[in-house]
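Before any comments, here is the structure.
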Amino acid sequence: MADDVRVRFCPSPTGNPHVGMVRTALFNWAFARHTGGTFVFRIEDTDSARDSEESYDALLEALGWLGLNWDEGPLVGGPYGPYRQSERMRDGVYSDVAQRLEAAGFAYRCYCSPQELEERREMAKAERRAPGYDGHCRELTAERIEAYEEEGRSAVLRFRMPDQEWTWDDLVRGPITFAPDQVPDFVLLRANGEPLYTLVNPVDDALMRITHVLRGEDLLSSTPRQLALYSALGAIGVTDGSIPAFGHLPYVMGEGNKKLSKRDPESSLQWYRDEGYLPEALLNYLSLLGWSMGEDREFYGKDELAAAFTLDRVSPNPARFDLKKCTAINGDWIRTLSVDDLIDRIVPFLQRAGLVTGTVEASTSDVLRRAVPLVQERMETLSQAPSMLGFLLVSGSDFTVDEADAASQLDEKGRAVVAAALSAVTDLEAWDAESIEGALRAALIDGLGLKPKLAFGPVRVAVTGRRVSPPLFESMEILGRDVSLERLAAAQ
Ligand code: GLU
Ligand code: ZN
């Protein structure tokens, strides 16, 4: 059991969940599922100034919506809880470890004021020395400490970095080495006793028995510090001395080959939900950012992903976020849905557009069941549903014709075409697509000698309100005779 894979996803609840974060969660989830390991979800909320309850809720909601179920974490608990660092902090987990590190000499109090640090940093820069902490307080005498305390200085707790090279075999990038002067002594506790990320993150990875740390490349530079802290935790008996393997996932680049920023609207998960991307499609697409299944397979569900997910297929090269491709994959996923499933997913969009009321009436449901297959082929996002189907769901004066389309299609000639169409279908015996098509072709193409585009364009705008619509004859069938005639009459 000791070898079982344990991975974690440990976001800080600041702001809205973004796609980079989801990609990290997904890779950890897939690796856990592939290996039969455990997917731990931990909330790193020790920064009260930046963290919010709203963002915490949004994170839980996001993973739930995506279907990335976690084995240990908030809501489900687990043997290493609590899984919110704010709660662990209240339980004294970090202050206890900090004290033990200090008592064993792995950490020391640093009394340097921010100004002093800044001055010495400037000086180091001018003299072309490494600008990190210079070890000033490493070996303070008891008298010196007393004097500082009397001056009323407060102290942070600093980790004493051993003077050595730091090397690990990155699961994604291979061997990586940092020179000793690249990793200066770092702060574990603020002067007010608040623990920092540099302490809480590796301490929790250790206490939660994490075996593999898979996270973004932006965190690569913190790995040497964590390795050092890990061995100290082993030395003071917090862990058995084992150290997790680290793998750093490639950056996700946005437009113009810049790192996708939290400020880009299409980096926010909520944007995809609002636009009507399916969770299946988003996961599918995000899995392609730095990983590949091979054999050019790019369309698969998350269980297939889990079955195939190995780390040797993670690439160290930056991945480019391509919204067009993501949208195309979404369209492919929409086409895999059953009509009933697709209806269930578009109803909220129709409701938001005011086209459907809270409870879907039987007549609406019937219209949707007949109309959705007509648009499923062309729909790329669920948010297109209101504009594609709206004309079938409104009645009377709620039906409007697009102004620009009316101007181009319903000029004098166009209105004459509509008038001819109206008389052609008024007395049709059977109101079905085939009969409607037959009557219109006979009247407009054979009778008036029009090209199909000139014949059906005006009719389409009159009946659907737009130049681009689902197939015309089927639409008229679903609309019914009365409404179709009414719209033709209004437009002629
Ligand atoms: N809370 C950290 C973050 O959101 C986690 C870093 C890590 O995965 O180690 O950046
Ligand atoms: Zn100092």
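So the values come out like this:
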quantity	calculated
Only one of Q99, Q85, Q115 that is within 16 Å of ligand 1 (Cβ to nearest atom), modelled with pLDDT of 95 or more and not hydroxyl-bearing (S, T, Y)	Q85
Single match in D240, D218 (criterion: exposed (fewer than 15 other Cβ atoms within 10 Å of the Cβ) and within 13 Å of ligand 1 (Cβ to nearest atom))	D218
Yes/no for C110 being within 16 Å of ligand 2 (Cβ to nearest atom) and closer than 24 Å to A206 by Cβ	yes
Number of the condition not met by R209 [criteria: (1) part of a loop (DSSP other than H, G, I, E, B); (2) more than 36 Å from the chain's Cα centre (by Cα); (3) away from ligand 2 (no atom under 16 Å from the Cβ)]	(2)
Filter result for the condition that a residue is within 16 Å of D411 (Cα to Cα) and outside any helix (DSSP H, G or I), over R467, R460	R467
Qualifying positions in region 39-61 - under 20 Å from I210 (Cα atoms) and surrounded by fewer than 22 Cβ atoms within 10 Å (Cβ to Cβ)	E44, T46
Breaking point among (1) under 26 Å from V347 (Cα atoms); (2) modelled with pLDDT of 95 or more; (3) surrounded by fewer than 14 Cβ atoms within 10 Å (Cβ to Cβ), for S395	(2)
Answer residue from region 167-181, given it is over 30 Å from L289 (Cα atoms) and of a type outside the set (G, A, S) and is surrounded by the most Cβ atoms within 10 Å (Cβ to Cβ) among those	P180
Checklist (1) acidic (D, E); (2) surrounded by 14 or more Cβ atoms within 10 Å (Cβ to Cβ); (3) at pLDDT below 95 applied to E280, failing item	(3)
Given (1) in contact (Cβ under 8 Å) with a residue 12 or more places away in the chain; (2) within 16 Å of ligand 1 (Cβ to nearest atom); (3) farther than 30 Å from S287 by Cα; (4) among the hydrophobic types (A, V, I, L, M, F, W, C), number of the condition A49 does not satisfy	(1)
Count of residues meeting criterion [within 16 Å of ligand 1 (Cβ to nearest atom) and either touching a residue at least 60 places away in the same chain (Cβ under 8 Å) or assigned to a strand (DSSP E or B) (or both)] in region 174-203	11
Some residue of region 185-205 being within 23 Å of D71 (Cβ to Cβ), of a type in the set (V, I, T), buried (at least 17 other Cβ atoms within 10 Å of the Cβ) and away from ligand 2 (no atom under 16 Å from the Cβ)	yes
Helices (runs of 4 or more DSSP H) wholly inside region 64-166 containing at least 2 residues that are among the hydrophobic types (A, V, I, L, M, F, W, C), without any contact (Cβ under 8 Å) to a residue 12 or more places away in the chain and loosely packed, with under 13 Cβ neighbours inside 10 Å	114-126
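The values are calculated or read from the model by the stated rules, or taken from the named source; none is laboratory data. Since this is a predicted model, take the numbers as computed values, not measurements. So basically every Cβ, Gly included, is an ideal-geometry build from the backbone, and we count neighbours across all protein chains shown.
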